[in-house]
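The values are calculated or read from the model by the stated rules, or taken from the named source; none is laboratory data. Predicted model only: the values in this text are computed from it and were never measured. Quick reminder, even Gly has a Cβ in these numbers, built from the backbone with ideal geometry, and neighbours come from all protein chains shown.
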Amino acid sequence: MINKKDIQNQIIQAVEIVRRENPIVGSITNTVTINFVANAQLAVGGSAAMVYLPDEGEFLAKASEATYINFGTFIPLYEQTLPRVSKALHEARKPWVLDPVAVGIGSLRTQLLLELKKYKPTVIRGNASEILALAGLWELEGGTALSTVRGVDSTDSVTSAKNAAVALAKCTGGAVAVSGKTDLITDGSVIAFSHGGSHFMGKITGAGCSLGGVVAVYATAASPFIAALTASAVYNLAGTRAEKKVDGPGSFQIQFLDELYKANAGDIANNPFEIEEV
């Protein structure tokens, strides 16, 4: 039987460890959102380090405590960087988060996402369309033949990606976080639904990318499932709080970072969520 109180205690522990230890987390993320990703990681207590080059990525994979890999604003150099870094992370058994942004829109992006399957990301974070498409690319149950992805926007509902998320989590042995109006997080045996957030999250660039970066921060201090749930909880809490204090997306982004920074462990653990068994 699922013990929600135990999950909340693990969330509190993850938040407190990160705040206390300031873990170094490397990121290979897209150029549109790199600043926001780094600032969000700093706000929750991590130490951010951004790289692009293959050798620097391999070095950081070994030196940092976790890594975030985001497929946005794809550049040719990634054909070398991403497999080498993913391989280094897998061999070193370091936690890493994969954000398969816009899976299916180009042959190189698709080829590399297929190749990264064997390196078993610790957490996969994406919108519903990306999760459905990745599961399809990896030939897993619940996936689609590269679901319709409108750029980085989702054209599918979170609930429609439930089976694909479960299949991906079972494939990797880690967790999957599906972002949407209500976030879905699963480790293949348990599913959590995290509530909150703000409509302004869809009006700024980087809400999803920075969430992936924050998942990587918490992955240094918790299981894949707890890391993903903790990140979703703090985002939903901060989004709810920030929205009450602003009247536009520009001020929201600033206030949101402030709320990430100010959120305490107890409030994060108590942000509304439900749990069910698969």
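Some points to look at:
- Flag if Glu139 is closer than 29 Å to Thr159 by Cα and without any contact (Cβ under 8 Å) to a residue 12 or more places away in the chain: yes
- Being within 19 Å of Pro121 (Cα to Cα), modelled with pLDDT of 95 or more and in contact with a strand residue (DSSP E or B) (Cβ under 6 Å, 6 or more places away or on another chain) is true of Cys209.
- Applying the set (1) over 21 Å from His90 (Cα atoms); (2) touching a residue at least 60 places away in the same chain (Cβ under 8 Å); (3) in contact with a strand residue (DSSP E or B) (Cβ under 9 Å, 6 or more places away or on another chain) to Asn9 leaves exactly one unmet item: (3).
- Taking the stretch 191-209 as the range and being in contact with a Pro (Cβ under 7 Å, 6 or more places away or on another chain) and either part of a loop (DSSP other than H, G, I, E, B) or of a type in the set (Lys, Arg) (or both) as the test, the residues that pass are His195, Gly196, Lys203, Ile204.
- Single match in Ala102, Ala40, Ala66, Ala14 (criterion: under 30 Å from Val278 (Cβ atoms) and modelled with pLDDT under 95): Ala102
- The stretch 162-190: number of residues that are crowded, with 19+ Cβ neighbours inside 10 Å, without any contact (Cβ under 8 Å) to a residue 40 or more places away in the chain and not in a helix (DSSP H, G or I): 3
- Scanning the stretch 122-143 for residues that are part of a helix (DSSP H, G or I) and out of contact with any helix residue (DSSP H, G or I) (no Cβ under 7 Å at 6 or more places or on another chain) yields a count of 4.
- Test: Lys117 is of a type outside the set (A, V, I, L, M), more than 21 Å from Ile24 (Cα to Cα) and surrounded by fewer than 22 Cβ atoms within 10 Å (Cβ to Cβ): yes
- The lone criterion from (1) crowded, with 18+ Cβ neighbours inside 10 Å; (2) touching a strand residue (DSSP E or B) at 6+ places or on another chain (Cβ under 9 Å) left unmet by Ala49 is number (1).
- Gln255, sole failed condition from (1) assigned to a helix (DSSP H, G or I); (2) in contact with a strand residue (DSSP E or B) (Cβ under 9 Å, 6 or more places away or on another chain); (3) of a type in the set (S, T, N, Q): (2)
- Any chance Ala231 is closer than 24 Å to Lys118 by Cβ, among the small types (Gly, Ala, Ser), touching a Leu at 6+ places or on another chain (Cβ under 8 Å) and at pLDDT 95 or above: no
- Meets criteria (under 29 Å from Asp156 (Cβ atoms) and surrounded by fewer than 20 Cβ atoms within 10 Å (Cβ to Cβ)) for Ile105: yes
- Here Gly239, Gly213 are screened, and the one residue that is buried (at least 24 other Cβ atoms within 10 Å of the Cβ), small (Gly, Ala, Ser) and either touching a residue at least 40 places away in the same chain (Cβ under 8 Å) or part of a loop (DSSP other than H, G, I, E, B) (or both) is Gly213.
- Flag for Ser232 being out of contact with any Ser or Thr (no Cβ under 6 Å at 6 or more places or on another chain), among the hydroxyl-bearing types (Ser, Thr, Tyr), part of a helix (DSSP H, G or I) and under 22 Å from Gln13 (Cα atoms): no
- Restricting attention to the stretch 123-138, the residues being of a type in the set (D, E, K, R) and at pLDDT 95 or above number 1.
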